[in-house]
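Read the structure below first, then the notes.
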Amino acid sequence: MKTLRTIPLAIPLAILLASPLAMVVACGDSTGGTGDDTTGGTSAGTDATTGGTSTDPTVTTSPATTTPADTTEGPQDNCPEYQRYPLHEGLSCSRLTIGDVDGDGFVDAVVFAHDPKTSASPTTTVLHTFHGDANGLQDAEVRCCLDATRTGHGEVFDLNGDTRGDLLWANEHAIEPGGDVLQTLERTITTPERGYTATGVLVAPPTGVPAFTVGRIMGQTFGVLVVADGVLSSNVGTGAAFGLDPVLSLELDPSPEVTQLLTIEIDGTAGTDLVGLGPEGLWVWPGSPDGVFGQATVVALPGTYTQMQKVDLDLDNHDSLVLAGAGQPVAIVDGDEAGAYLVSTTGTPDLDPPIAVVQIDNDLQPDLAGANGNDFVMHAGDGKAFGAQVVLGELSAIHDMGFGDFDGNGRDDVVACDDEGLFVIYRADD
């Protein structure tokens, strides 16, 4: 058992001695209705002083022994293993970001954590990096601290072209207690020593929330797309001095209020489309081979949705959008070449965000994972809808979800971030 040492924080951290690594296999049916899911909030890492490399000490935490969830007569074939990873004592997960931050070819999980007892809006964010290798996620490297208020959507993207993923996230700063807030898009750069340099602000719009995404923008080039204050801007390519001096800057008319962006080929035509999710519905800007976006279509939704994920549900090499919203049935959106968009909630359960749509049961069809009360659940997919609920484990309040191949076996593993740390479903080889 490793001896852990504390790190100097604005909040106290006790020495955490974790139990040895343990895998648990547990599946069970739950035939009851959809529960009162815990809504995944937006929280955010925040910025530290600009410039310089972080010299904060590193602390590791070890995976904790888990206890099987209560099971009934659930299916036992291909039942996945799950494992828990704790955060430092007293800390709670705010946001989870997935990507290869150390450039070793294995996917890593980065948790933005805070002390929930400090205030309703956490002001200190502690990065926990769980590095992946052939055995799955390893002990967390804990680095303190980002001076943040709340962390929003995050991405891992190689900003400076050194093969290591860097962190991007939307953040909300309180200008003064009880006063106005400033919305920003921020970053940290991963160092060769697997640490992080100080945070820098990329975009600080006057009013709007910066919704952003990382994806293919023009031809084979990846970059960052940002919508803020009614302007779509993008920076294409990477370099040591990466910033958001936009290659493309387009004033959007009408001006959208969107909180999440994705690039997707949803309408079956050539070119990458841009979709934005907001309180008015789903905004779709059709793409073209030269990277120019056309006039937006606003797709009406049957309720208010706050999360979207693109996925090839029926394995036809054509992506759909899966949407989740508090108190709403999960919605599936498909487009056609004529610019029409079909929104369906047929055969979908009520699951509050966050959700993840990813293959879990090894039948090749993407499945739906989320929280039903304190249960971590799966609904098996058939390419068009999702089946009965299967309980995979037990969670506390869930804040974020994601997936990635943490152990390098060619199969995406599923991870949920809750008040106790990480809950990981490892998908074994056939």
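Here is how the numbers come out for the structure above:
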item: Highest to lowest packing among 382-394, 352-364, scored as the average C-beta count within 10 Å; result: 352-364, 382-394
item: Residue-span extension gain [Thr163 to Asp336] - 0.36 nm each, minus C-alpha spacing; result: 58.6 nm
item: Using θ = phi - 60° and Karplus 6.51 cos²θ - 1.76 cosθ + 1.60, couplings along the range 341-355 (whole Hz; Gly, Pro as x); result: 10, 9, 10, 10, 10, 5, x, 10, x, 8, 9, 6, x, x, 10
item: Ile360 long-range amide H proximity, modeled H, under 5 Å; result: Asp367
item: Accessible surface of Ser255 - all protein chains present, 1.4 Å probe, nearest 10 Å²; result: 80
item: Probe 1.4 Å, accessible area per residue of the range 272-383, Å²; result: 36
item: Accessible heavy-atom area order of Leu342, Leu232, highest first, probe of 1.4 Å; result: Leu342, Leu232
item: Residues with amide H under 5 Å from that of Arg95, placed H, sequence gap 5 or more; result: Phe112
item: The range 307-359: C-alpha pair distances exceeding 13 Å, %; result: 59
item: Residues with amide H under 5 Å from that of Gly373, placed H, sequence gap 5 or more; result: Gly35, Asp36, Asp37, Thr38
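The values are calculated or read from the model by the stated rules, or taken from the named source; none is laboratory data. The shown structure was predicted, so the numbers you read here are calculated from the model rather than taken from an experiment. No Cβ is skipped: glycine too gets one built from the backbone with ideal geometry, and neighbour counts run over all protein chains shown. For the accessible areas, the whole protein counts, side chains as well, though only heavy atoms, and no ligand, DNA or RNA atoms are used. Shrake-Rupley method; radii C 1.70, N 1.55, O 1.52, S 1.80 Å.
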